[in-house]
1. Across peptide A:216-222, what mean number of C-beta atoms from other chains lies inside 10 Å of a residue's C-beta?
2. Sort the following peptides by mean Cβ neighbour count (other Cβ atoms within 10 Å, averaged over residues), highest first: A:124-131, B:268-275.
3. Just need the relative contact order of region A:2-118 here, percent rounded to a whole number, with Cα pairs under 8 Å and 6+ apart.
4. Could you give the size of the charge dipole of chain B about its Cα centre, using +1 on the Cβ of each K and R and -1 on the Cβ of each D and E, expressed in debye and rounded to the nearest 20?
5. Where Lys and Arg each count +1 and Asp and Glu each count -1, what net charge lies around residue B:381 among other residues with Cβ under 12 Å from its Cβ?
6. Give the long-range amide H neighbours of residue B:248: residues separated by 5 or more places, or on another chain, with amide H under 5 Å away, using H modelled in the peptide plane at 1.01 Å from N.
7. Please say if chain A is rounded, prolate or oblate, where rounded means a/c under 1.5 for a ≥ b ≥ c the square roots of the C-alpha gyration tensor eigenvalues, and otherwise the choice is prolate for a/b larger than b/c and oblate otherwise?
8. Which value in nm describes the separation of the simple spin-label points at residue A:93 and residue B:447, placed 7 Å from the Cα toward the beta carbon?
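Derivation of every value follows stated rules applied to the coordinates shown; laboratory data play no part. This is a predicted model, so every value here is computed, not measured. Cβ atoms come from the backbone with ideal geometry, glycine included; neighbour counts cover every protein chain shown.
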Amino acid sequence: MRIALFITCVNDTLFPDTGRAVVRLLERLGHEVVFPTGQTCCGQMHYNTGYRRPAARLAVRFVQTFEGADAVVVPSASCAAMIREHYPKLGRTGSRLSRRMADLGPRVYDLTEFLVDVLQVTDVGAYYPHKVVYHPTCHGLRFLGLGDRPYRLLRAVRGLELLELPGATECCGFGGTFAVKNGAVSAAMGFDKARHAVGTGAEVLCAVDNSCLMHIGGTLSRQRSGLRITHIAEILASTEKEYATT
Amino acid sequence: MSSATFLGMPPFPEAARSAVEDSRTRHNLHKATHTIRGKRDAVVGELGDDWQRLRAEGEAVKTHTLRHLDHYLEKLEESVRRAGGTVHWAADADEANAIVTRLVKQTGESEVVKVKSMATQEIELNNALEAAGITAYETDLAELIVQLGEDLPSHILVPAIHLGRAQIREIFLDKMAEWGVPAPEGLTDDPRALAEAARVHLRELFLRAKVAVSGANFAVADSGTLVVLESEGNGRMCLTLPETLISVVGIEKIVPTWSDLEVFMQLLPRSSTGERMNPYTSTWTGVTPGDGPQDFHLVLLDNGRTDVLADTVGRQALRCIRCSACLNICPVYERTGGHAYGSVYPGPIGAILTPQLKGMSSEADRALPYASSLCGACYDVCPVAIDIPEVLVHLREQVASTEAPLGEKALMAGAEAVFGSSTALDAAQRAAGVMRGAVPKHLPGLAGKWTDTRDIPDIPEESFRKWWNEREEGR
Amino acid sequence: MGGSRERVLARVRAALSDVPADEPVERHPHRSYADGHFEGDTLEVLVDRLLDYKALVERVPESELPGRIAAALERRGAARVAVPPGLPSEWLAEASVERVGDVPDAPLSSMDLDATDGVVTGCAVAIAETGTIVLDASPDQGRRALTLVPDYHLCVVRSDQVVDGVPEGVRRLDPARPLTWISGPSATSDIELNRVEGVHGPRTLEVLLVEADG
């Protein structure tokens, strides 16, 4: 299967390891990955902050870039939710643009959805000998309804011990510009999320969204906690071979 | 005896900053919201898949009613009149307050007992009555606590949720005597003892009161029936014993038919107090000879609701049945409490209702749509499926198109320029890669709000895009 | 304030300019949810839910009702009992209490009611799933004040008055009558959101659930 990767601006710029992991993982599973280079950003920050027109322009760019793809994989649940849930509302009701956006939407997948639903695989052959907690991000949990897909993928990873995160369904407090507009509340929420994660005794906290992880990880790092953050793609991409060579 | 007011409170971010540092309030709120979440989950779970069916039906009934509100208002008016009640219309708070004041004065009484009502909180009826020499006694336990403590409500259902039992005991001991029967000596902070003190304090008042003021949870258009759900029996006292009853009801409280109540009587108690059914519900239709108040007045209140109705996206906020489930689940509310929202309607629903009811001319009202991380938990629990995140974003669009801070506008314009083409993004990423060693741990301006409490991630040497292109070239 | 009425209605109509003029104003819902959500016997569930809300409950064969009412009142120590005008006379036949009658021509004052030890009534409907008893002020229940001011309410529920869930309960009730839905004794959750029983309404609710002999 030929898979178009929408890397997202945050991953592209700040978390290229996540992108490399997605490519490695999908190629290992026998698929061809393409990266349409015209891509930039889904417009979520603009949309959520109330800048609808710039968001709509970025949505048009996205649709033009990805329209021909059979499947678009996004290693970010919030960007996938932006595209699927909000793009159709950005064009005028009934307009050709909003129809194009609605057509493309169902072919856009969060990585874990794509693996479980489309490729129908939960054991991706990964090896990751660590204690891990998974934080279900709001967009993955409530907007995309990822349900137990990430857990099924993680449970199939050899060597991985999956621990339960208390208060898992509660927002980490990132919320895009919320993190700076209401910094004190955002920090208080992040602090509680970090505290719960550290309390499990895990070595690694993973999620399907690096923006949330950036917020929780920034809190953990400021507290000089030893708990590391990583995108779930990086866990799923890792194998015995890589552990042997590093 | 003075009444507090939300007027002049700082905007949400500032009020929230001090609120999160108040560890006692944080503790009280955490305990209370987590208790109620657990109870709600259990009783909602009992209904299985039918919960979503009831929720969809609740949404449908309310949406339909709002789309034909003029028809149902006239129908309700006719039904109430036919049953012996008098209907008044109030375009705003001043009109409503004037009507109620006039009606109380006509009875010759100078005191009224009140059933907990959001509408009368919203119009600050107690202040208006006080100015006219009429004392309004709040009889709901939490409202009583707030009134005695000269405090402000911080929750729709439990206005004193920010207070713990020890604080409530202090208020009772200090203030009950000023208003009537004093608290017993040796009052402990056992909730049973506190409830008993409230019973004794209000008992004689209930038995002598001649005029009551209430709101209503629902007003049934086809039968003219008003419905009040409560727990303590103070509602029954006020709705039954006095000679005159004045009910101030928002125009959005209508349901078309009596049978629609089967939906809401399942949705509301389970969402609100987390019970299969609240202890008491009273319904009355106009006047019943020989039973209850013989003089009944319904005051239909607009006070900004028609402005909300005119906004086709924001309109859904009028479906709200004031259950408070969105407050109880909200991680922001849990940490700030209700006062930070500067309105009688706090929490997620307040963040969309207040700016729509009042308009967004003040900085405080413009700040409310941003008082959310858009986590969506409020929408999930809403028994009438109000898409609160959608309305929040919609209101942010209104703010951004007019009064957004310049720094934010510059950030958004800059980001759009960078994301406007992949070459611009590539150039920005390369520049960042060069600068990566020179980024300080604490940044100025808007970014400083991030680095106050969080580290920023290390900027990688090369972007994903650069890596990909090099890989492609190498093939 | 005729002016306000027209102003509000005009604003409502202006706000709804997006609604097509031919959109039907009547709604005919097809409700697909179940009436009740429990397994097992309806009466047992009612008893269970009443107990859950701290009411006292007994199941009583019809022939034993007067004796069981008398016993309940004696247990309670109720000497003066408020009586609605249409209470079946045999219900109190065996009780040695002072009957304080409330009749339309000479209604008891709130103070009179406050001086009684309790009240005995029938009911209109009981809803098993929610443990709810609904009074509709019929002659066997009396006007609303009667079941509100006394601190003890002994309520007789006939098994044929019990329905599974809220929808059937609503269907059986007449909205023109003043209704009181009662689910357990009065309670509050206003202190730290924990439920505490016993505030302004009757602090003790006792239910006798009557079934035909056999």
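1. For peptide A:216-222, the averaged partner shielding equals 4.
2. B:268-275, A:124-131
3. Numbers: 151 pairs, mean separation 32.8, N = 117.
Contact order relative to length: 28 percent.
4. About 620 debye.
5. My count for the surroundings of residue B:381 gives +3.
6. It is B:214, B:215, B:299, by chain and number.
7. Oblate is the answer for chain A, as a/c is 1.5 or above yet b/c matches or exceeds a/b.
8. Distance between the two pseudo-spin positions: 4.3 nm.
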